[in-house]
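Written below as structure tokens is the structure these notes are about.
Laboratory data are not the source of any read-out in this text; all were calculated from the coordinates shown. Remember, it's a predicted structure, so these values are computed and weren't measured experimentally. A quick note on method: Cβ atoms are made from the backbone with ideal geometry, for glycine too, and the neighbour counts reach across all protein chains shown.
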Amino acid sequence: IPLKNYRNFIIVAHVDHGKSTLSDRLLELTGVVDPGQQNKQILDKLDVEKERGITVKAQTVSMMYHYKGEDYLFHLVDSPGHVDFRLEVSRSYASCQGALLLVDASEGIKAQTVANFYLAYSMDLRLLPVINKIDLDTANVARAEEQIATTFELPTRDIVHVSAKTGQNVEYLLPAIIEKIAPPMHCRPDAPLRAQIVDSWYDPYVGVILLVNMVDGVIKKGTKIESCRTKEKYEVKEVGIMYPERTPMPQLVAGQVAYVIPGFKDPNDAFVGDTLILANSDAEPLEGFEEPKPMVFVGAFPAEGSDFKKMEESLQHLFLNDRSVTIQRATSNALGQGWRLGFLGSLHASIFKERLEKEHGKNLIITSPTVPYKVHYTDGTEQIVSNPDEFPDGTQKQKIRYFSEPYVEALMTFPSEYTGTVMTLCDNNRGEQVDMQYLSNGQALVKYLLPTSQLIDDFFGKLKSATRGYASLDYEDHGYRPSDIHKLELLVNGDGVDALSTVLHKSQLEKTARRAVQRLKEFLRIQQFEVIIQAKANNRIIARETIKARRKDVLAKLHAADISRRKKLLAKQKEGKKNLKAVGQVRISSDAYQSFLRKD
Ligand code: GTP
């Protein structure tokens, strides 16, 4: 099939507008899968994706289509719908020339449709508007058309009306794709090989599999290739297309988006965005992708008595298929040896957390999510702090000029009667309004700058409940802004519980501090001596609770300030129980940590 008959495209849609269903119909029409087996959702391959019904990683599937006497090769590149995976989305777009812009006829344009539209538009993709779910009673095709015309300035005559569910009109899409989307003519089959890694995953049988965008040249089994990034050389074991599963081919040619098995086992050798060239060739590497930046961090610690090594192995395993997670060893006075995990966003973090909890249940303690804060020193240097306990606590102030925290630009759509409620919610979350528009038929579209820390504190959940579930949200990174933030520490009998430290905006300090000490009190077992729970910020105690001793003992008679003496005595008592984790000589059970950290 000649290059001019290749079509590489993507489906852009808001969550649940029917992207997977439509893909299934296209695969049936082109004979890639048998019709009849409803909603197989070929593209959502990862288990988590199936469980959560969301797409995380980019998948690709190829189709063959005969049209007006010629054969065409389509590559449908799947992309994540959720905003946490924005970079994955733009990577998928990079290998395409066009997009089906899918809009649910009953819901109309939503935040993600708008955000993904602008992204696709900025990357010069040809956009084909498609209105889906026309079979629904609640479908309002005229309204969806008007929204497409006014918001995206796309001509209504180009809009195809389909029902992905019943298959109605889907057959008109394939010719439209051929007529309207350009082939990847910038690709050069005769030039020396340049293939960009778009995605990689791990298969226990064949090792690492790479999804590549073939920009120049040809690659086949036995080709000796080199990574521009690592300079490592490999001999290709297999190449092929996803049809819909891995289907080996004699060779891959420029213009295709397909897979390569490079014959190495270590996923750390595969870098998304890296260019593969022929071994010892002097072909220029392609422009790489922006590296994903973790935006949400949590600490993870094995609960008392569980096996650190085993847990580390299983963490490593989970990472093999999700390279956007970062992992580092971490130590806590309260929780011992553990890890600090970084995620792209809160959904990403919660999916991962769910998987960990499924596997390890009560054996794992996961701390509150936090964003990476920035400390700006007077000497002009900056430091990113992603562990609240490492945040400067006020004693070092002389060296620090100011702090800043990450922001997002959030785009929300909802029925306009909720405008007031949403604005209040945004204000309460330290938001700053940027833009506000009314779409046709009663929808409002507002843009706010929001601190990322507020966003990850279940902002979407709050937005949903403020709008009875009608709001949708999308966001993108907006860099750092100076902020009046402080570290809040919890102390038990005078000793800080490092794993429970948080960083907060000044306006939230007092309230959070009071709640935190009350909550921690609830979860601590009654001890044999008095326990004082305090919250400290800027070297000042701002909240305090006391747990009375269960019964009088010698310690109670000691002067309260004589902490070191008391500690010594208790330390003696504790001999033989050394591996119990204790803070301020108070044994805090794993359960107590888990209950405290659980969202209320
Ligand atoms: P994500 O993978 O989360 O992005 O969702 P998606 O956009 O892939 O949506 P999906 O295809 O999973 O469809 C969402 C829901 O809408 C499913 O319950 C589908 O059965 C339903 N659906 C999709 N297309 C149609 C349609 O044309 N008509 C009707 N009535 N329902 C549809």
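What would the Debye equation give as log₁₀ I(q)/I(0) for the chain at q = 0.07, 0.12 Å⁻¹, counting only Cα atoms as equal point scatterers?
The Debye formula, applied to the Cα set alone, gives -0.52, -1.24.
Please report the relative contact order for segment 143-299, taking Cα pairs under 8 Å with a sequence separation of at least 6, and give it as a percent rounded to a whole number.
22
Would you mind ranking 381, 113 by Cβ crowding within 10 Å, fewest neighbours first?
Ranked by crowding around the Cβ, least crowded first: 381, 113.
Can you show me the helix-derived [θ] at 222 nm for the chain, built from DSSP H runs with n ≥ 4 at -39,500 (n - 2.57) apiece and divided by the number of residues, rounded to the nearest 500.
Rounded to the nearest 500, it is -7500 deg cm²/dmol.
Quick check on my link table: of 293/506; 165/462; 374/447; 110/462; 231/309, which ones sit more than 28 Å apart, alpha carbon to alpha carbon?
Correct reply: 165/462; 231/309.
Before anything else, pin down the relative contact order of the chain: Cα pairs under 8 Å, at least 6 apart, normalised by residue count, whole percent.
About 10 percent, as a whole number.
Take 249, 185, 214 and order them by how many other Cβ atoms sit within 10 Å, fewest up front.
Lowest count first: 185, 249, 214.
Would you please classify the overall shape of segment 125-169 from the alpha carbon gyration tensor, given that a ≥ b ≥ c denote the square roots of the eigenvalues, rounded means a/c under 1.5, and beyond that prolate means a/b larger than b/c while oblate covers the rest?
It is oblate, given that a/c is not under 1.5 and a/b is not larger than b/c.
Between the alpha-carbon centers of segment 323-388 and segment 144-204, tell me the distance in whole angstrom.
38
Arranged by the count of other C-beta atoms within 10 angstrom, fewest first, what order do 389, 322 take?
In order of increasing Cβ crowding within 10 Å: 322, 389.
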